Amino acid sequence: MDHWFADGFLGVGLALAASGLLLLGLNVLIRRGLRAPRVEPDATPADLGLAYRQVSIPTCRGRKLGAWLLPADPGAPALILLHGWGGNSAMMLPLAAPLHLAGYTLLCVDARNHGMSEADNFSSMPRFAEDLAQALAWLRQQPGVDASRIGLVGHSVGGAAVLLAASREAGVGAVVSLSAFAHPRSMMRRWLAGMGIPYLPLGWYMLRYVEHAIGHRFDAIAPVHTVARVACPVLLVHGDADDTVPLADARAILAAGREGRVELLELPGGHDEFAALEAHLPRLLAFLAQHLGPPRA
């Protein structure tokens, strides 16, 4: 009879080991499936006739960020520009060019695992925010930069990250968030549906695993919650035909923000289009000038 017990315990042990290996394999597949694609910049500010220098900025976990510094007049307000998932600073050039020509010092920074920056074990929106915080600390130390007049501009995941960073960092003068999602959970559920992955049980497990892997609960980092903790003025910009992040997300963030401190600029167009923003540049520049001060005397 003892051998029956031994065989039973052995069977349970083998089943648990098999389950552990299955989950380990699933976790590896989740990380690979959600890994941000690295796209090298296909242009530089020089292609638009803009003077710049390439810089390296230390960030968390001993990594370095690649960035472009576009200086303006000494003492001018400055902006940090951050791309979206799988993007790079070159993709922000259509917006960077008019902002620099308006007189702003710009720091166009690539998040870890993106563009010119060093690799890390994974990317996440909180890590985008960490990189923003390190870029902000670096920029405040640069000669000719007025540390009291720095704003943050981000697109998509970068648009969510600027809200998270501004909710943590004192002294940010203004935030412009382009095409940000309201909540990581709803964003990932839309992605799961688009991939044909059922929410139960696989999708549910994937969301729980991602929360564990990034070290943050989605509720704690969701823009619809962090916006209420942002002390500086916020301008949300969103396309009415965005099929990646619906316009309803921007309206939800607006409703959750501090009354009188958050504005929403609705534009024609989709998720990655900056062309429609050109017609509304006066509104964007007026917002920045009101809260950071005019870039030129």
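For the reader, a short list of remarks on this structure follows.
- Burial ordering of Asp240, Asp131, fewest other beta-carbon atoms within 10 Å first: Asp240, Asp131
- Beta bridges by DSSP in the chain, antiparallel share as percent, to the nearest 5: 30 percent
- Ranking of Ile253, Ile150, Ile197 by count of other Cβ atoms within 10 Å, fewest first: Ile197, Ile150, Ile253
- Trypsin sites (Lys or Arg not before Pro) restricted to segment 199-229 and DSSP loop, no more than 12 other C-beta within 10 Å: Arg217
- Fewest-first sequence of Cys108, Cys232, Cys60 by Cβ atoms within 10 Å of each Cβ: Cys60, Cys232, Cys108
- Answer label, with Cα extents along the principal axes in Å calculated from the coordinates and candidates [x] 92, 37, 33; [y] 76, 52, 47; [z] 72, 44, 37: [x]
- MRE, 222 nm, helices only [DSSP H, n ≥ 4, -39500 (n - 2.57), over the chain, to nearest 500]: -13000 deg cm²/dmol
No value in this document is a laboratory result; all are computed from the given coordinates. Please read all numbers here as calculations on a predicted model, not as lab measurements. Here the Cβ is made from the backbone with ideal geometry for all residues, glycine too, and neighbour counts use every protein chain on show.
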